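Asks: Questions regarding the structure given below will be posed in turn.
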Amino acid sequence: MHKNDKLFVWHPYASAIDKNPVYGVIKAKGVHIYLDSGKKVIDGMSSWWCAINGYNHPILNKAINLQLSKFSHVMFGGFTHKPATDLAKKINEITPKSLQKVFFSDSGSVSVEVAMKFAVQYWHSKNSQSKKKFLTVRNGYHGDTMGTMSVSDPTNGMHSIFKKSLLKQFYVPCPEDVNTYTNKKNSKSLKEMEKILSEKNKQIAAVIIEPILQGAGGMRIYHPDYLVQLRKLCSKYNVLLILDEIATGFGRTGKLFGFNHANIIPDILCLGKSITGGYMSLAATVVSKEIAKSISCKDPGIFMHGPTYMANPLACSVALANIKLLFSYDWEKKVKNIEKILKSGLEKISKNSAVKDFRVIGAIGVLEMHDKVDVASIQKKLVDHGVWLRPFSNLIYIMPPFIISQKDLKFLINQLQIVINIEY
Ligand SMILES: Cc1ncc(COP(=O)(O)O)c(C=O)c1O
């Protein structure tokens, strides 16, 4: 496995030649990942936000196996099937009433591309063809495809090399940190937002933002009132609001969706990652009735996008089972408990002088270090201590499956503390 990996495989955000170590996985169950070295690690990453209900779950396995015994895929152009219609209905039930139509795609990045195209086509249908640009905040992250990179932070983010190849959008400073935001009048970000919206709204199709937490752009938590004010601004200046809940959706921040912290409703919503509980890649772009109607009633009357694996039945079946599973237990209580343990644990670790700050929201705990973390070095020590985490830049963060026991979570945090004290 490792020889072929070295010879033929390219890993995410990695070099093809100068490789950091990778760890061979042979099995995963619950919150444990079993390595080919014989080691067992507790998962603190939920495989990048996805595995909220843990690995190899009998209910999710059953759902996918049942669908597999019927059919694994058919094209979605001209066909429909129960996995897709039941999942779309479920998404409709758990999201605000004004959001109605669900467009399935294969990945979070594509769902954001789709959202952007929906926004542009909506304004086209309203005879406002000049509204085709996007306004977003610094430190945002919406994916790795060209369109999504253009609305991610092109200067500070991980995409700076591509800056000149990307569409030029409008940017404002990122939302103030949750602890420094007081109100809209003192928010530089909102002031800039209003300035650009008032001057350029005839060019702007939508504002796009990750609600309540900026993920890959720095794991930054911001104030719910920022979202309340942003919603008002978008309505005032006749610009759509796209909320990217790909990371924050399905309970991760302590509410079902990030926007529930602020009680606002987007015009377009992007869902992905944990929608299938980490089983398969699936994403959804959900649009309001008004957008769906307007696009459909105006020539050409169709939306020009159609992924080959759109609404894959295996992915839809497991997503539906995963959402039902989430609602079958008191996930809010579980996430609250995780939050409590993360807060007290990270506070203790933050006594190490290498730690600059720590922050927690829901089942997300972040240690911000003063300096960039040596990922290969710290990850090896973490694995040796039975823990799986994947720091990036100067951030070490924990976002375990919701089903993690208190004992396992405390063990994970304790081991992290030991490793940090060895490393620094
Ligand atoms: C907020 C947000 N949007 C979009 C994406 C892209 O999703 P995907 O990796 O499934 O393309 C991510 C991935 O980390 C994300 O965190």
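The values are calculated or read from the model by the stated rules, or taken from the named source; none is laboratory data. In this text the structure is predicted, and so the values were computed from the model without any measurement. As a convention, Cβ positions derive from the backbone with ideal geometry for all residues, glycine included, and neighbour counts pool all protein chains shown. For accessibility, only protein heavy atoms count, side chains too; no ligands or nucleic acids. Shrake-Rupley method; radii C 1.70, N 1.55, O 1.52, S 1.80 Å.
Asks: With only Lys, Arg, Asp and Glu charged, each at its Cβ (+1 for the first two, -1 for the last two), find how big the charge dipole of the chain is about the Cα centre; round to the nearest 20 debye. It would help to have the intermediate numbers written out before the result.
Replies: On the way: 56 positive and 33 negative charges, 125 e Å.
It works out to roughly 600 debye.
Asks: Could you tell me which of the pairs K236/K273; K126/K163; K97/K273; K90/K289; K195/K232; K126/K202 are separated by over 20 angstrom between their Cα atoms in the structure shown? Intermediate results must be reported in sequence, preceding the final value.
Replies: Working: K236/K273 32 Å; K126/K163 31 Å; K97/K273 23 Å; K90/K289 16 Å; K195/K232 14 Å; K126/K202 12 Å.
The answer is K236/K273; K126/K163; K97/K273.
Asks: Please list the radius of gyration and Dmax for the range 61-328, considering alpha-carbon atoms only, with Å as the unit.
Replies: 18.1, 58
Asks: Counting only complete DSSP H runs, which helices of the chain cover 24 Å or more along their long axis at the Cα atoms and score a mean Kyte-Doolittle of 0.0 or above?
Replies: Working: long enough: 108-125 (25 Å, 0.33); 331-349 (26 Å, -0.75); 406-423 (25 Å, 0.23).
What comes out of the filter, once short or polar helices are dropped, is 108-125, 406-423.
Asks: For F71, F104, F303, write out the residues from largest to smallest accessible area, computed with a 1.4 angstrom probe and no ligands counted. Walk me through the intermediate numbers first.
Replies: Values: F71 70, F104 5, F303 40 Å².
Order by accessible area, largest first: F71, F303, F104.
Asks: Tell me the label-point distance for the pair S296, K62, using the 7 Å Cα-to-Cβ offset, in nm and rounded to one decimal.
Replies: In this crude label model, S296 to K62 measures out at 3.5 nm.
Asks: What Rg and what Dmax come out for the range 1-138 when only alpha-carbon atoms are used, in angstroms?
Replies: Every Cα atom of the range 1-138 included, Rg and Dmax give 20.8, 62 Å.
Asks: To continue, here is another question. Ignoring ligands, DNA and RNA, what percent of the accessible area of the range 333-384 is carbon or sulfur (1.4 Å)?
Replies: After summing per-atom areas, the C and S share lands at 48 percent.
Asks: While we're on this one: Could you report the chain's accessible area per residue, 1.4 Å probe, as an integer in Å²? Write down the numbers at each step before the final one.
Replies: On the way: 19270 Å² over 424 residues.
Result: 45 Å² of accessible area for each residue.
Asks: Right, next: Using all C-alpha to C-alpha distances in the range 255-399, build P(r) with 10 Å bins and read off the rounded percent in each one.
Replies: For the range 255-399, the pair-distance distribution reads 9, 25, 29, 23, 10, 3, 0.
Asks: Right, another one. Largest first, please: the extent of the C-alpha atoms of the range 10-60 along each principal axis, to the nearest Å.
Replies: If we take the Cα atoms of the range 10-60, the spans are 40, 25, 16 Å.
Asks: Mind telling me which of S109, S165, S296 comes out most flexible in a GNM of the chain, alpha-carbon contacts under 10 Å?
Replies: S165
Asks: Mean residue ellipticity at 222 nm from the helices of the chain, using -39,500 (n - 2.57) per DSSP H segment of n ≥ 4 over the full residue count, to the nearest 500 deg cm²/dmol?
Replies: Calculated from helices alone, the mean residue ellipticity at 222 nm is -11500 deg cm²/dmol.
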